[in-house]
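The structure appears below as structure tokens.
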Amino acid sequence: MEKTVGEVAIRDFWSVGPDDPVDAIAEEMVARRLTWAPVLEREVLVGVVSAWDLLHMRARGQSGDTPAWRACTYKPLTVTPETPASEASRLMRVAHVHHLLVVSPDGKVVGIVSPLDLLAEQVRPAMERQT
């Protein structure tokens with residue numbers, strides 16, 4: 001039986017708040033070697049802020065004190081925990097995204113799934129057969 005994204009998603013992830021200043025977010029992204037972060041308010045998705053968003057803000061000369069909600073992309077592509085892993089893979093390929101936020105019916109982000117998470121589930125049975 002095929003796994004769902006709820007079964008393979010990473011549940012421990014870094015996020016930022018809507019009022020966090022973009023300079024602090026940029027510093028933390030560099031330190032963590034991440035290219036994006038969900039913007040959450042009480043676990044509910046506001047948007048996603050990416051390194052590209054922050055670079056564009058700097059290019060426009062905006063202040064480093066600008067809050068995340070002013071820099072983020074609203075309505076990012078999301079899936080529910082029940083979404084089949086194969087559908088998540090298809091969505092990522094079609095939309096040209098590298099991560100999907102897993103959102104519960106009440107709007108709370110419960111995880112993040114990446115192509116590597118999905119690939120690991122596909123190769124795990126083969127790896128287990130080799131041992």
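Summary table
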{"read-out": "Unmet requirement for Pro105, which otherwise passes all of (1) farther than 29 Å from Val123 by Cα; (2) within 14 Å of the chain's Cα centre (by Cα)", "value": "(2)"}
{"read-out": "Which numbered condition Arg70 fails, given (1) out of contact with any helix residue (DSSP H, G or I) (no Cβ under 7 Å at 6 or more places or on another chain); (2) within 19 Å of Phe13 (Cα to Cα)", "value": "(2)"}
{"read-out": "Residue pairs meeting the criteria (Cβ under 8 Å; at least 6 apart or on separate chains; first over 13 Å from Ala88 (Cβ atoms), in the stretch 7-18; second open to solvent by 50 Å² or more (accessible area, probe 1.4 Å))", "value": "Trp14/Glu28; Trp14/Arg32; Trp14/Leu34; Val16/Glu28; Gly17/Glu41; Pro18/Glu41; Pro18/Trp69"}
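The values are calculated or read from the model by the stated rules, or taken from the named source; none is laboratory data. Being a predicted model, the structure only gives us computed values, none of them experimental. Methodologically, a virtual Cβ is constructed for each residue, glycine included, from the backbone with ideal geometry; neighbour enumeration extends over all protein chains shown. Surface areas here come from the heavy atoms of the whole protein model, side chains and all, with no ligands, DNA or RNA. Shrake-Rupley method; radii C 1.70, N 1.55, O 1.52, S 1.80 Å.
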